[in-house]
Amino acid sequence: MTNTPLDHAALRTLCANALRVLAIDAVQAANSGHPGMPMGMADIAEALWRHHLKHDPADPQWIDRDRFVLSNGHGSMLLYALLHLSGYALPMSELRRFRQLHSLTPGHPEHGLTPGVETTTGPLGQGLTNAVGMALAEKLLAAQFNRPGHTVIDHRTWVFLGDGCLMEGISQEAVSLAGTWRLNKLVAFYDDNGISIDGNVKGWFGDDTPARFEACGWTVIRDVDGHDRLALDAAIAAAKTSTQPVLVCCKTTIGHGSPNRAGTAKVHGEALGAEEIRLTREQLGWNWPAFEIPDAVRAAWSARDKGAQARNEWQLRFGSYAEAHPELAHELLRRHASPGVPDARTEKAFADAIASTESKRATVATRKASQEVLNAVAPAIPELLGGSADLTGSNLTDWKGHQPLLGSGTGNHVHYGVREFGMAAIMNGVALHGGFRPYGGTFLTFSDYSRNALRMSALMKLPVVHVFTHDSIGLGEDGPTHQPVEHVSSLRLIPGLDVWRPADATETAVAWRQALRRADGPSALALSRQGLPHAGEAGQERTEAIARGGYVLRRPANEQVVLIATGSEVQVALAAATLLGEEGIAARVVSVPCLDVFERQDDAWRAEVIPRHLPRLAVEAGSTGLWWKYVGENGDVVGLDRFGESAPAGDLFRLFGITAEMVAVRATRLVAAARTPELATH
């Protein structure tokens, strides 16, 4: 580059082209990745990030920063180039290591790994839905904390998305809710390039996207040339004035700048190759070698000074706010300091709730016990943001004194409608934003709808709580469409998701306590529709044993067999132990409310709870597969490896042999086989 000063337009073109060449160079070096989207959206990125985005690369966790979500996460090199050039702690060496082991530039953006990445994206549509959660959190926090003359929460959520995001069904759930909630600080840029992996999308995506968004209450800015910086500037300026969420429809060319691949599916997901990169550089007028950025472009991109100024101005405003409203200022900072809720006020509320369940010793459905816990602790946890996917009266996720969030209003209990997947991904966005502890409810069998968002919350280690009620054939007459069989076991397979299936009100209260104490991952509570009796003796010892995921509930002298159970089947195991005792067989009963937590205990605890020298039988009204690990090849599992039927719950438990009598019979066989090894069968 010569020393001749660049005019404004030329500099903007160079800044956009810097994004393009970094993307194609990194993909070429890795021989893997997606260059087409970064090349196509580079002008939009330049317009937003250099001229409108409020952020400070030196403080990626600044409370009042704008949030940026790359929903079309396969174009991750666009985001990495933006972060690097803006001044985040992402050196060029990491861009050179794109998609390599332990690099900070993985194939899709990963929250918690790369500074400045607000959410993990890749599963299309979920980034958009996370962004809806972030915008909702901003709106609710602003309503709770801003005061006349003191605006401390005032930021926007920006989203890039493509055709694939809009084809995914979750996008409609998110778009509908965002419009209903009138999230006017949410702005999405639609990369309308007409191309997906299989080619031109006209053959499988004929939606009138602008009309669809308008029908859902969005402001739509149509037919923006995604390569015209002045048109983009005008669109963004208009978006900032809207009283509704905004979709900016940008007509772009995928792979813009590539002479032979622009506008084709071939540029979507493979390296250009050395010759096409040479031709692309020539067409763009980019005269620098791979991974080299000229000083003038680097200086133009740096957001460190501008970002520091914006954050310092906010800190001055926050200082004035803290003087005028010290309690609110303290609370806002507390909520953002840690997602865990371990403070003394909350711990006392849980201690009182647990003491209450122990004193009442009531027979109660664990879904109802869950609501009673919320009644006791929610007033002490103002950051709780509850909700349900149109099943509030069944999941019992509301509490006395809650404020329902309806339409464009505010509140602390969200009516998501029949949108399980959207609810789960929105809760991820709320958790990512900070300031709230989200939880939401639906029937356990419908966890299938939200499963990928559960997986993403586990991948991102987000402390979201999922309340899944009607957890087995115990729900009865609704039949096999609603009766979970494989669901609890299936959820246990998700790494990092703690699945609690409590046996009584006390275990339910402890499960809630542990879920809200947890700051490094999600939890799921599988709760019963039917009433369950109090299972154990009162005392702090039992309470803390429950918290370890598995513990001995009944320990007779001269034990001969171990009965292991969860949830509603703990009462079956206890009754079976009584029957066995009458026959002279002493049975230990082990409750395992959370296998995931139990597996994290030390070897000594696990061996003490489930001794290997005794025959073992597990009982759970669901799939049996995971239990063989605990009972061994000579043990037994009483469960359900077929779909249920429509009938009263009691009839179903008898039909499938999940009764105290059958457990006692099968445990007796185990004891007999242990006494006479040659009789052992599997």
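The values are calculated or read from the model by the stated rules, or taken from the named source; none is laboratory data. Please read all numbers here as calculations on a predicted model, not as lab measurements. Quick reminder, even Gly has a Cβ in these numbers, built from the backbone with ideal geometry, and neighbours come from all protein chains shown. Accessible surface areas use protein heavy atoms only, side chains included; no ligands, DNA or RNA. Shrake-Rupley method; radii C 1.70, N 1.55, O 1.52, S 1.80 Å.
Listed values, structure above:
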| item | result |
| --- | --- |
| Val562 vs. criteria β-branched (Val, Ile, Thr), in contact (Cβ under 8 Å) with a residue 24 or more places away in the chain, out of contact with any helix residue (DSSP H, G or I) (no Cβ under 8 Å at 6 or more places or on another chain) and over 23 Å from Gly496 (Cα atoms) | yes |
| Test: residue in segment 144-161 that is open to solvent by 10 Å² or more (accessible area, probe 1.4 Å), part of a helix (DSSP H, G or I) and farther than 26 Å from Pro106 by Cβ | yes |
| Yes/no for Glu507 being acidic (Asp, Glu), at negative phi, in a helix (DSSP H, G or I) and at pLDDT 95 or above | yes |
| Which numbered condition Gly387 fails, given (1) within 22 Å of Ala431 (Cα to Cα); (2) open to solvent by 20 Å² or more (accessible area, probe 1.4 Å) | (2) |
| In segment 624-668, residue farthest from Ala576 (Cα to Cα) [restricted to those that are among the β-branched types (Val, Ile, Thr) and touching a Lys or Arg at 6+ places or on another chain (Cβ under 8 Å)] | Val631 |
| Flag if Ala362 is in a helix (DSSP H, G or I) and under 27 Å from Ala378 (Cα atoms) | no |
| Condition check for Gly307: in contact with a Pro (Cβ under 6 Å, 6 or more places away or on another chain) and either β-branched (Val, Ile, Thr) or crowded, with 17+ Cβ neighbours inside 10 Å (or both) | yes |
| Extreme residue, most open to solvent (accessible area, probe 1.4 Å), among residues of segment 570-585 that are within 36 Å of the chain's Cα centre (by Cα) and among the hydrophobic types (A, V, I, L, M, F, W, C) | Val572 |
| Search result, residues across segment 472-493 that are open to solvent by 10 Å² or more (accessible area, probe 1.4 Å) and either part of a loop (DSSP other than H, G, I, E, B) or charged (D, E, K, R) (or both) | Glu477, Asp478, Pro480, Thr481, His482, Val485, Glu486, Arg492, Leu493 |
| Condition met for Gly567 (crowded, with 24+ Cβ neighbours inside 10 Å and farther than 24 Å from Gln483 by Cα) | no |
| Residue, surrounded by the most Cβ atoms within 10 Å (Cβ to Cβ), within segment 162-190, restricted to residues that are assigned to a loop (DSSP other than H, G, I, E, B) and out of contact with any Lys or Arg (no Cβ under 9 Å at 6 or more places or on another chain) | Glu168 |
| Any pair with Cβ under 6 angstrom, 6 or more apart, that starts in segment 255-271 at a residue that is part of a helix (DSSP H, G or I) and ends at one that is open to solvent by less than 30 Å² (accessible area, probe 1.4 Å) | Ala265/Ile195; Ala265/Gly199; Val267/Gly36; Val267/Ile254; Val267/Gly255; Val267/Ser258 |
| Subset tally (residues that are surrounded by fewer than 24 Cβ atoms within 10 Å (Cβ to Cβ) and in contact with a Gly (Cβ under 7 Å, 6 or more places away or on another chain)) for segment 437-462 | 3 |
| Test result for Val552, open to solvent by 20 Å² or more (accessible area, probe 1.4 Å), in contact with a Ser or Thr (Cβ under 9 Å, 6 or more places away or on another chain) and modelled with pLDDT of 95 or more | yes |
| Segment 121-141, residues that are open to solvent by less than 10 Å² (accessible area, probe 1.4 Å) and over 24 Å from His413 (Cβ atoms) | Thr121, Gly125, Gly127 |
| Failed criterion for Gly33 (all others in (1) small (Gly, Ala, Ser); (2) assigned to a loop (DSSP other than H, G, I, E, B); (3) open to solvent by 10 Å² or more (accessible area, probe 1.4 Å) hold) | (3) |
| Qualifying position, being crowded, with 19+ Cβ neighbours inside 10 Å and under 28 Å from the mean Cα position of the chain (by Cα), among Arg542, Arg529, Arg600 | Arg529 |
| Scan of segment 203-245 for residues that are surrounded by fewer than 16 Cβ atoms within 10 Å (Cβ to Cβ), out of contact with any His (no Cβ under 9 Å at 6 or more places or on another chain) and in contact (Cβ under 8 Å) with a residue 60 or more places away in the chain, ordered by number | Asp228, Thr243 |
| Enumerated helices (runs of 4 or more DSSP H) restricted to segment 593-643, each holding at least 3 residues that are without any contact (Cβ under 8 Å) to a residue 24 or more places away in the chain | 603-609 |
| Only one of Arg654, Arg666 that is part of a helix (DSSP H, G or I), more than 21 Å from Gly584 (Cα to Cα) and open to solvent by 10 Å² or more (accessible area, probe 1.4 Å) | Arg654 |
| Count - residues of segment 36-90 that are charged (D, E, K, R), assigned to a loop (DSSP other than H, G, I, E, B) and within 18 Å of Pro109 (Cβ to Cβ) | 2 |
| Out of Lys251, Lys240, sole residue that is basic (Lys, Arg) and more than 30 Å from the chain's Cα centre (by Cα) | Lys251 |
| Subset of segment 497-525 (residues that are over 19 Å from Ala349 (Cβ atoms), open to solvent by less than 10 Å² (accessible area, probe 1.4 Å) and touching a Pro at 6+ places or on another chain (Cβ under 8 Å)) | Leu497, Asp498, Arg501, Ala503, Asp504, Gly521, Pro522 |
| Helices (runs of 4 or more DSSP H) lying entirely in segment 292-341 (those with 3 or more residues that are under 29 Å from Leu78 (Cβ atoms) and without any contact (Cβ under 8 Å) to a residue 60 or more places away in the chain) | 304-324 |
| Residue among Asn200, Asn193 that alone is of a type in the set (S, T, N, Q) and open to solvent by less than 50 Å² (accessible area, probe 1.4 Å) | Asn193 |
| Residue that is surrounded by the most Cβ atoms within 10 Å (Cβ to Cβ), among those in segment 67-114 that are out of contact with any strand residue (DSSP E or B) (no Cβ under 9 Å at 6 or more places or on another chain) and either charged (D, E, K, R) or within 21 Å of Ala137 (Cβ to Cβ) (or both) | Gly73 |
